[in-house]
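Data block below; observations after.
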Amino acid sequence: MFQQRLTARMSRRHVPALLTASALAFAAFTPMVFAQDSDTLVIARSMDVNSLDPARAFCDTCQIYLSSTYETLVTLAPDNQSLVPSLAASWDINPETTEFTFHLNPKAVFADGSPVEAKDVKWSFERLLNLKGSPSFLLDGMTSVEAVDAKTVKVTVTGPDSEFVNKISATYAAIINSDVAIEHGAVADASAATADTSENWFLENSAGSGPFTLAGYTPESELRFARNEAYYGTKSPFSTVVITQVQDAVSQAQALESGAVDIAMQIDPDTAASMSTTDVTTEVVPSFNFVYVAFSPGAATAEGVLTPEVREALALAIDYDGMLDFTVGGNGVKQSSPIPNGFPGTAGLPEPKQDIAKAKELLAAAGHPDGFTLSAVYPNDNVYGVDLNLMMQKVQQDWAAIGVTIDLQPQTYPVWRDQLTGDGIPVTAVYYAPDYYGSGQYVAYFAMTAGTPWAGRAGGKTPETVVNPAEANLYAKALASTGEASAAFYNQIGLEMIKDKIIIPLVSPNLVLAYKSDLAGVRYSACCNLPINEITRK
Amino acid sequence: MLRYLLRRMVAMPLLLLGIASVVFLLSQVTKGDPLSALIPERMMSNEQVVATVKAQWGLDRSLPERYLIYMGRLVQGDLGTSFSTRRPVSTDIAGRLPATLELVIAAMIFGCTSGIGLGIIAARFKNTFADSAARIFALIGSSLPVFWSGLILLFIFSVKLGWVSGPGRLDARTEPPPGITGLFTVDSLLAGNMPLFLEALGHLILPAFVLGWSVTGIVTRLIRSSLLEALNMDYIRTARAKGAPESVVILHHALRNALIPSLTILGFTFAYLITGAVLTETIFSWPGIGSYAVSAARSLDYPAIVGVTLVGAMAFLLANLVTDVTYAFANPRVKLEG
């Protein structure tokens, strides 16, 4: 009865009005036609911004931001190997590779129209070093930076460093408009670490000479650039670029397919294969990122167990080909040493191989014929398309074949770090992406040389047990030589690091570039992630 | 009533300070490296960087010192600076709260109206197909995980059919309306920008539906059971005996009483969704408080954790107060006494 009354009230005269309202509502909520011909470029990404201040920032999204709004003296060419001029039109290096003189491009201007001068370079480098922010290590060893004249800068370093120019191609070595930054609390002198108050200003403003300027930033929501109309180089066809926060691969793929975004940056190969839209291009390209397992023989719960023979046995027990299939569906490559494939010195390094028989033999010789049990603590994350949980399950399975049991303990990132800096973790899983093109960064981080982070973690309270003196000597020689000679030393360091069996690279995952087919110039860069200014609409 | 309200209003700041103390101290003793949001993993072995950052953020001080400094600032309204975003927590919350409020209000409107409607139908046509259909719809709404229903509905209605807009509060190519309330639908109307209003509404519909569907489930079941109970009461029999139409009996007599028990649940549901809409916010890239809370917790961002907790606590305290007052108005037998 109640239903009949409701129906009766909805008389026929209401029907046209309802139909009109429905049509209007449908039209209103139907998404507009998006990407085609728009001069706004929208990029979907799960952002990891820690700061927008070049001297404090240190993240993948930061590389995209900094390379769009600032410029470095030199930059990485599209071949991802050679360095090409950017703010510096040319540069000279003394034979000892201790003095570097840069000649600035006379046309270079900041976004406010003022010229880029040697004083800005001097100020930016001194601030990067003195601020003691995350990327300060790039200039470790710089003893002086001198403005020879308005357009010439000379940098001196403590000892030979053939990789110095590579280091300053990192986006964090961006040149800042010093006058503007000083006005907003930025400090470059020795007191910078405590006296600089400009970080919040950098979250809302940029002060560079890049093709874009910062138009707005809302943490974990969007990062918006506006075209720098004063840019002295080739201007972007896009008046606005928006990096919009889209958390996961599936949502990014959906946003790309629906036309809400032009580029999706973190789609995994499986999700890419599931997309059915024809106006989306997907390219799978090799990356320089890698995921590895690391041993800490000096960890409190592993003392005496993870001897060199045992570490070698564990490395030999891993099914590296199966690991690629299991973690990234074959969309990745094996990596021999902690220096990624394609970097100087990696050609000809032996690929890791599984050898269960030899692994068992080594384990028996080391006094563990029946295996042993260890704990593996690692961040509960999915990085570069690799689920660390899945990866460690595969390791667990492989090691079970030689009688070694690992207790998997995925943790939140802060808890994992707490344990790593505390008593140490016998077995862990971590990841690495390059800051610039150069093998030195891997030696400075992974080599078993006194003072490197991983020598400290691996050795724990007895670092001398893991230190490999050959690596420090070879590194000094690599830095004192250039070109092929330098690469040959890095190759020897690579072999030594393989022998160390502390860092075991498991997967170098491929990257999926997924973008609307009307775009051109989308590519992966080892320094800058996604060079936005190279992107155009066809 | 006035004395009751005054007493509750006076107690509220004290309760919030107590909650802030507990959360602050708990987060300080939680296992984890507080520098993880401040220093990247690669730099955590660099003693100079670690010392500089600790000094900058006051992490080199003792726990009692940190507590006193924090509480001293809190009573002045300063929630501190987020480790992750490097911005004042109050700025972060002020930027995100309107997004959550807009989503939660829309979800509550959808959830309540559909829940009440379905509850009435289910009670009125008890044990019929209509009852079963309403209850199944409600059951699905309360049991389907949001991350699944959100993704599936987005795929069908946004990607495949193109009927609704995709993730986010607006298309990324659109400039937001001038910030007056922070609620894009309201601000676009205040700015007289109808196309922008429709775009904001188009983006709001799907996440509000997904979030509101779970509310529909709760409300439908509550209304159905309350209404069934009310329909068996003597005063309903009297109304029917007097010849009142069935719609009047249900809407004017039975529903008014059946709504009273739902008020408490609705108040708490609203407060819960303020910080509990995290999955919906994540799936729909909705920059609200829930996703901020999760991000803060994951990175041990103490100032943000305490800030979000205070917002959540405030939401619960206010919802509780509003529920109590509404309850007193709706049910004359309830007296609020100081």
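Quick note: the coordinates plus some simple rules give every number you see, no bench work behind them. The model shown is predicted, which means the values in this text are computed figures rather than measured ones. Neighbour counts are summed over all protein chains in view; Cβ atoms, including those assigned to glycine, are modelled from backbone coordinates with ideal geometry.
A compact table of results
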| read-out | value |
| --- | --- |
| Degrees, to the nearest 10: B:194-231 long Cα axis against longest axis of chain B | 50 |
| Cα long-axis angle, helix B:47-56 against chain B (0 to 90 degrees, to the nearest 10) | 60 |
| Helix-only [θ]222 nm of chain A, DSSP H runs n ≥ 4, -39500 (n - 2.57) each, per residue, nearest 500 | -9500 deg cm²/dmol |
| Residues of type aspartates and glutamates that A:LYS353 reaches as a straight line, Cα spacing below 14 Å, ignoring anything fewer than 8 places off in the same chain | A:GLU312, A:ASP319, A:ASP321, A:ASP398 |
| GNM result for chain B, Cα springs below 10 Å: residue of B:GLY179, B:GLY166, B:GLY267 fluctuating most strongly | B:GLY179 |
| Sum of side-chain charges, B:GLY217 neighbourhood, beta-carbon under 12 Å (Lys, Arg +1; Asp, Glu -1) | +3 |
| Loop sites in the stretch B:1-86: trypsin sites (Lys or Arg not before Pro), DSSP, at most 12 other Cβ within 10 Å | B:LYS31 |
| Across A:LYS167/A:LYS334; A:LYS119/A:LYS235; A:LYS516/A:LYS538; A:LYS358/A:LYS499; A:LYS119/A:LYS154; A:LYS167/B:LYS54, pairs whose alpha-carbon gap is larger than 18 Å | A:LYS167/A:LYS334; A:LYS119/A:LYS235; A:LYS167/B:LYS54 |
| Low-density loop positions, trypsin sites (Lys or Arg not before Pro), the stretch A:311-366 - DSSP coil, at most 15 other Cβ in 10 Å | A:LYS353 |
| Per-pair calculated FRET efficiency, R0 = 51 Å: A:THR277 and A:THR307 via Cβ, rounded to 0.05 | 0.40 |
| Amide H contacts of A:VAL507 (H built 1.01 Å from N, under 5 Å, at least 5 apart or other chain) | A:VAL291 |
| For chain B, built as a Gaussian network whose Cα springs stay under 10 Å, the top-fluctuating residue of B:PHE155, B:PHE316, B:PHE110 | B:PHE155 |
| When the protein assembly as shown is reduced to its Cα atoms, the Kirkwood hydrodynamic radius in Å | 30.2 |
| Rounded Å value of the spacing that divides the Cα centres of the stretch B:153-176 and the stretch A:393-459 | 41 |
| Additional length obtainable on full extension of the chain from A:THR373 to A:ASP179, 0.36 nm per residue less Cα span | 63.9 nm |
| Estimated dipole of the stretch A:155-281 in Debye, rounded to 20 [Cβ of Lys and Arg +1, of Asp and Glu -1, Cα centre] | 340 |
| Within straight-line cross-link reach of B:LYS242, aspartates and glutamates at Cα separation under 19 Å, skipping those fewer than 8 residues along the same chain | B:ASP234 |
| A:VAL383 long-range amide H proximity, modeled H, under 5 Å | A:LEU388 |
| Full-stretch length increase - B:LEU15, B:THR30 - with 0.36 nm per residue and alpha-carbon distance subtracted | 3.2 nm |
